[in-house]
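K.L.:
What follows is a single structure, and I will ask about it in a moment.
The values are calculated or read from the model by the stated rules, or taken from the named source; none is laboratory data. Since the model is a prediction, treat every value here as computed from it, not as a measurement. Neighbour counts are summed over all protein chains in view; Cβ atoms, including those assigned to glycine, are modelled from backbone coordinates with ideal geometry.
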Amino acid sequence: MSDVVILGIGIHPFGRFDKTFEEIGAEAAAQAIDDAGVTWQDIQTAYLSRMYLPATSGARILRRLGSTDIPICDIEAACASGGVALRQAILAIRSGEIDLALVLGTEKMPRGFMDPSMIYAPWQVAMGLSLNPSYWSMRAKRHMYEHGTSELQIAKVAHKNHRNSVHNPNAMYRKEFSMEKIMESPLVCDPIHLLEICAPNDGAAAVVVASKERAAKLGGRPIQVDACVHTLATYSSDFRCPADSMSATMAPPGPTSATARKAYEIAGIGPQDIDCFEVQDTDAFCEIEIYEDIGLCGLGEGGALIDSGRTEINGDTPVNMSGGLICKGEPVGASHLGQIHEIVSQLRGDSGPRQVSGARTGMAHVLGAGGNCAVTIMSR
Amino acid sequence: MSDVVILGIGIHPFGRFDKTFEEIGAEAAAQAIDDAGVTWQDIQTAYLSRMYLPATSGARILRRLGSTDIPICDIEAACASGGVALRQAILAIRSGEIDLALVLGTEKMPRGFMDPSMIYAPWQVAMGLSLNPSYWSMRAKRHMYEHGTSELQIAKVAHKNHRNSVHNPNAMYRKEFSMEKIMESPLVCDPIHLLEICAPNDGAAAVVVASKERAAKLGGRPIQVDACVHTLATYSSDFRCPADSMSATMAPPGPTSATARKAYEIAGIGPQDIDCFEVQDTDAFCEIEIYEDIGLCGLGEGGALIDSGRTEINGDTPVNMSGGLICKGEPVGASHLGQIHEIVSQLRGDSGPRQVSGARTGMAHVLGAGGNCAVTIMSR
Amino acid sequence: MSEDGKDLPKRVAIRDDLLTKPLDDLDKVRLVGSRCRQCGETSLGERGRCPNCGSGDMETRELGTEGTLWTYTVVRNRPPGKYRGPDPFQPFCMGLVELPDGLRVNALVEGDVEEMEIGVPLRLRVFVHHENEAGQEVVGFAFARTDKP
Amino acid sequence: MSEDGKDLPKRVAIRDDLLTKPLDDLDKVRLVGSRCRQCGETSLGERGRCPNCGSGDMETRELGTEGTLWTYTVVRNRPPGKYRGPDPFQPFCMGLVELPDGLRVNALVEGDVEEMEIGVPLRLRVFVHHENEAGQEVVGFAFARTDKP
Ligand SMILES: [Zn+2]
Ligand SMILES: [Zn+2]
């Protein structure tokens, strides 16, 4: 996939705003188009990634930039929506039909827990088996039981990400918290505390992608897309999704492992070749599990990895330099494109106080409802 | 685009059913897969087209066929959703990444008018400027004023489509109505009557698409996709969308004209080369306007064309052999794929009493909210 | 008074950018339009960018109050969702009203629904459309026939 | 009596295919599972196709009533949406209960939330979870610790 590049990036900060989704989406899109050095009229096709917005949101947002008859549609694959929308643009470019596309992610979400009826059956909602954090927490409890992972280690992830967020103007929370403060914050679902979990919010992020040939003519600072993979969890490989039961006899690789493996294969590199990572820390434990699943350490060694400090910005495998979802929040449709915004900034050397020194390659990872997982690997 | 073929088709009748959307979707998908002579495990990527269903509906429906880790996502572009989902599958095949994909459309809708907040702003809803049929009807009134189109001609379209539907087991209404009955049915929005308008309902339709090379190995009865185009209405080219105002100084070609023109260009043929048509008769007048826009007659001649009988099944340009949306209803996400099911059946010679004799080429057309239009041209 | 103790204005526009202010004397309220200095197109409401060409070089202006009916329909059933029109429901006309400013505005059209015709002359009428949950008067607009009462 | 004059059953399962019938004596009600004759996997509820291999060769069976806790969490806040549990809210455990049939079932787990532990023995408890809008008793299920009261 080294024939497609990211030519421009744009973002509207993640948080809660007294603006319509059309406004924040159009701002991010216009920024990405400007950054790419092109105009809206140059764009040949556009995709909107969103989960909670109404129908035809993409067309409604992008009409604000002026009239066009290009195909614009909305794409949804839960938390992986951004990766899927990017993938469609890449496929369109690789098909030879177009050579310049806009991929926009936008969301505007209500406060608090997400509407459970979007992904849970009525009986699960009635019985209270319908809280996303409860599924994440069950994974954490089992990991602690099998591998000795501690609440302290989980809190360390949150501590690191909150510290990183201070330097990210696009994050919703930009405040450092002490380990005590984190561990004393209210339990949401044991063992996960309030300061260790992400909140749904508003935000938008966009990228302009181009064929390498087109990019060569346009100039600018293109970042190569080495892989962009979307998979679904196979049977019993993940219990994050609202399943009723899982197998006790088989344990296939989880969606993050499976997706990362494919992405590495396509990119022709491994985790040791990647300089910085943005991953789906919907909760602090989740980041520990992802360390293992994307191959930063062995199974059960995620707790030791956060202890080692190697995933700090100045470590050798920095993770969530942006502050992660815990600090940015999760405007679902915008989330993966926000990660890509961060990685592209890092690879361009534009990340200021949170810059990973000399970063040449990066990975963005999302995982959510239905076991939807997307991984994008980029390089300069 | 002659490198991609439709290898299998499946449908769940359109109507109102005491079944979940997962059930009707899975039935249509399984049928298309069987019809293509492949298995679910052979499919490399899948798209769900839907407008009103909740998030991750594609994954939820298709998990019923068994576990897989292929990318599955939901696609939405209002009434054009099915064409857009098909287009993504075609792009994926043309990119060389895959050679066998499933495209499924499914919807399960509440009775009566659609929820206006999905596409209209709160102030439009408060003032009552939020009924889709009122926008269609304003077009009809203007057409009657400019071109002398009559209520009788509009009723003739409904009469033809109701007559055709009698032979379509997948239609919701399968009853012939007299001209009097149609014209005496209650006015919904002047000049459109209840028996001249389509209803939202439940339904599913699916196709399996393959590269020509893969299809050659698999055998079966492939139908070629000659063009699959999606566009949005440009500024002031359509007032079907919930716009506040339009230009009085310019009148660019409407979305159907623009989309059909592109599709003809890609397919390398014109309207005179196409043997049968399925088009978006959300109301009977709309079909008259589409006659003009897709080039079956000149501007203002649509009324004369229905008078001529040439759009009957035994005419030289048969339109809506299935009974159209007026009789099938409009399960939005499934609608275009249902049209394609009809055209493929026609090109295979499988349409029984509603068969267009010797049909070798066909067109499917949808148009809806936001000025989203999709046109697919097929041939054997 | 609102819940948080602040005074709410007595009247609000049904969409803030559609009507000129103040809203005290409704006879003096006009529709707001945006004219693009780039392509010359005028559209309803205040807009930062031109819906036609995308230019940001926009000028806000009052729209004319007199127009003609370009097309219309009669809405014969109560619109779904949060419709705030008369209860019980009464059939009404909606139409595209062509204004001298070079645009057609989608609006309620007042007059006998059985006698409506394309081409009739119309004049803007700004009125209190309904009262919202907070007890404020919500100001909407329509066009009324000037040739027949 | 329902609105259309028909007798409604006094009790209904919270999801029809999850529980054996009849529902009169709740002590005799069991969880229903589906075993795939093709791949051997068993999953909760009655299913036409295997969620693992997609085979339609399925056998419906009663699941065992005794299991152990594979993992769990404590839900500390009232779940959103149409939650029908105790009001006022009380924190509760949910967990994955490993049954001898080769599957783990997601369920409410009864016992002191501060003393819960992975590995504890559990037994199925079928009970009236709530009353629905039609006045019917809606039957749900949970697993209760058998080692501690
Ligand atoms: Zn302009
Ligand atoms: Zn099986």
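K.L.:
For the stretch D:25-36, how many residues meet the condition of being assigned to a strand (DSSP E or B) and either more than 9 Å from ligand 2 (Cβ to nearest atom) or of a type outside the set (A, V, I, L, M, F, W, C) (or both)?
P.N.:
Matching residues across the stretch D:25-36 total 5.
K.L.:
If you don't mind, another one. Need the failing condition index for D:Glu41 against (1) at pLDDT 95 or above; (2) at positive phi; (3) within 12 Å of chain B (Cβ to nearest Cβ), just the number.
P.N.:
Result: D:Glu41 passes all but (2).
K.L.:
Further, regarding this structure: With B:Val84, B:Val38 as the choices, which residue is at pLDDT 95 or above, on the phi < 0 side of the Ramachandran plot, touching a His at 6+ places or on another chain (Cβ under 8 Å) and of a type in the set (Val, Ile, Thr)? Walk me through it before giving the result.
P.N.:
Values: B:Val38 fails: touching a His at 6+ places or on another chain (Cβ under 8 Å).
Going through B:Val84, B:Val38 in turn, the sole match is B:Val84.
K.L.:
Go through B:Gly268, B:Gly329, B:Gly358, B:Gly300 for me and flag whichever is crowded, with 24+ Cβ neighbours inside 10 Å and in contact (Cβ under 8 Å) with a residue 12 or more places away in the chain.
P.N.:
Step by step, each of B:Gly268, B:Gly329, B:Gly358, B:Gly300 is checked, and only B:Gly329 is crowded, with 24+ Cβ neighbours inside 10 Å and in contact (Cβ under 8 Å) with a residue 12 or more places away in the chain.
K.L.:
If I ask for residues that are more than 28 Å from A:Ala369 (Cα to Cα) and within 14 Å of chain C (Cβ to nearest Cβ), which ones from the stretch A:93-103 would you list?
P.N.:
Taking the stretch A:93-103 first, the residues more than 28 Å from A:Ala369 (Cα to Cα) are A:93-100.
Matches in the stretch A:93-103: none.
K.L.:
Within the stretch A:104-132, track down each residue that is within 23 Å of A:Lys328 (Cα to Cα) and either more than 8 Å from every other protein chain (Cβ to nearest Cβ) or aromatic (Phe, Trp, Tyr) (or both).
P.N.:
A:Leu104, A:Gly105, A:Thr106, A:Glu107, A:Lys108, A:Met109, A:Pro110, A:Arg111, A:Phe113, A:Asn132 - these are the residues of the stretch A:104-132 that are within 23 Å of A:Lys328 (Cα to Cα) and either more than 8 Å from every other protein chain (Cβ to nearest Cβ) or aromatic (Phe, Trp, Tyr) (or both).
K.L.:
Follow-up question, since we're still on this one. Kindly check whether there is at least one residue in the stretch A:308-315 that is buried (at least 22 other Cβ atoms within 10 Å of the Cβ) and touching a strand residue (DSSP E or B) at 6+ places or on another chain (Cβ under 8 Å).
P.N.:
Checked against the condition, which is being buried (at least 22 other Cβ atoms within 10 Å of the Cβ) and touching a strand residue (DSSP E or B) at 6+ places or on another chain (Cβ under 8 Å), the stretch A:308-315 yields at least one hit.
K.L.:
Quick one: what pairs do we get from the stretch B:64-92, first residue within 14 Å of chain D (Cβ to nearest Cβ), second of a type in the set (D, E, K, R) and within 16 Å of ligand 2 (Cβ to nearest atom), C-beta under 8 Å, 6+ apart or different chains?
P.N.:
Listed by first residue and then by second, the contacts come to B:Arg64/D:Arg49; B:Leu65/D:Arg49; B:Gly66/D:Arg49.
K.L.:
Collect the residues in the stretch B:213-264 that are among the β-branched types (Val, Ile, Thr), closer than 22 Å to A:Ile72 by Cβ and modelled with pLDDT of 95 or more, keeping them in residue-number order.
P.N.:
B:Val225, B:Val229, B:Thr231, B:Thr256, B:Thr259
K.L.:
Are any residues in the stretch B:54-63 away from chain D (no Cβ under 13 Å), within 23 Å of A:Ala263 (Cβ to Cβ) and in contact (Cβ under 8 Å) with a residue 40 or more places away in the chain, and if so, which ones?
P.N.:
Of the stretch B:54-63, the ones away from chain D (no Cβ under 13 Å) are B:55-58.
Retained after the next criterion (residues that are within 23 Å of A:Ala263 (Cβ to Cβ)): B:56, B:58.
Result: B:Gly58, single match.
K.L.:
Of everything in the stretch C:10-38, what is more than 10 Å from every other protein chain (Cβ to nearest Cβ) and among the aliphatic types (A, V, I, L, M)? Give them in sequence order.
P.N.:
C:Val12, C:Leu19, C:Leu23, C:Leu26, C:Val29, C:Val32
K.L.:
Of all residues in the stretch B:228-239, count the ones that are more than 10 Å from chain A (Cβ to nearest Cβ) and either touching a Ser or Thr at 6+ places or on another chain (Cβ under 7 Å) or crowded, with 24+ Cβ neighbours inside 10 Å (or both).
P.N.:
The qualifying residues number 2.
Yes or no, residue by residue, for (1) within 16 Å of ligand 2 (Cβ to nearest atom); (2) within 17 Å of the chain's Cα centre (by Cα); (3) within 24 Å of C:Phe127 (Cβ to Cβ); (4) not in a strand (DSSP E or B):
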| site | (1), (2), (3), (4) |
| --- | --- |
| C:Pro9 | no, no, yes, yes |
| C:Leu23 | no, yes, yes, yes |
| C:Gln38 | no, no, no, yes |
| C:Glu46 | no, yes, yes, yes |
| C:Asn52 | no, no, no, yes |
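K.L.:
Looking at this structure, is B:Gly66 closer than 30 Å to A:Ser211 by Cα and in the same structural domain as B:Gln31 (by TED's automatic domain parsing)?
P.N.:
So B:Gly66 fails the test.
K.L.:
Taking the stretch B:1-42 as the region of interest, how many residues are among the small types (Gly, Ala, Ser), in contact (Cβ under 8 Å) with a residue 60 or more places away in the chain and surrounded by 17 or more Cβ atoms within 10 Å (Cβ to Cβ)? Show your work before the answer.
P.N.:
As a first pass, look at the stretch B:1-42 and keep what is among the small types (Gly, Ala, Ser): B:2, B:8, B:10, B:15, B:25-26, B:28-30, B:32, B:36-37.
The next check asks that each one be in contact (Cβ under 8 Å) with a residue 60 or more places away in the chain; those that pass are B:2, B:8, B:10, B:15, B:25, B:28-29, B:32, B:36-37.
Of the ones still in play, those that are also surrounded by 17 or more Cβ atoms within 10 Å (Cβ to Cβ) are B:8, B:10, B:15, B:25, B:28-29, B:32, B:36.
Within the stretch B:1-42, residues that are among the small types (Gly, Ala, Ser), in contact (Cβ under 8 Å) with a residue 60 or more places away in the chain and surrounded by 17 or more Cβ atoms within 10 Å (Cβ to Cβ) number 8.
K.L.:
Go through the stretch A:37-109 and tell me which strands (runs of 3 or more DSSP E), entirely inside it, have 3 or more residues that are over 17 Å from B:Ala85 (Cα atoms). So that I can check it myself, show each step before the final result.
P.N.:
Values: elements: A:45-49, A:72-76, A:100-107.
Ranges flagged: A:100-107.
K.L.:
Further, regarding this structure: When the residues of the stretch B:174-194 are narrowed to those that are in contact with a Lys or Arg (Cβ under 8 Å, 6 or more places away or on another chain) and surrounded by fewer than 24 Cβ atoms within 10 Å (Cβ to Cβ), which ends up nearest to B:Ile90 (Cα to Cα)?
P.N.:
In this case the residue turns out to be B:Glu176.
K.L.:
Would you please list the contacts, defined by Cβ atoms under 6 Å and residues six or more apart or on different chains, that run from a residue in the stretch C:39-67 that is touching a residue at least 40 places away in the same chain (Cβ under 8 Å) to a residue that is assigned to a loop (DSSP other than H, G, I, E, B) and within 7 Å of ligand 1 (Cβ to nearest atom)?
P.N.:
Note: pairs meeting the criteria are C:Glu41/C:Asn52.
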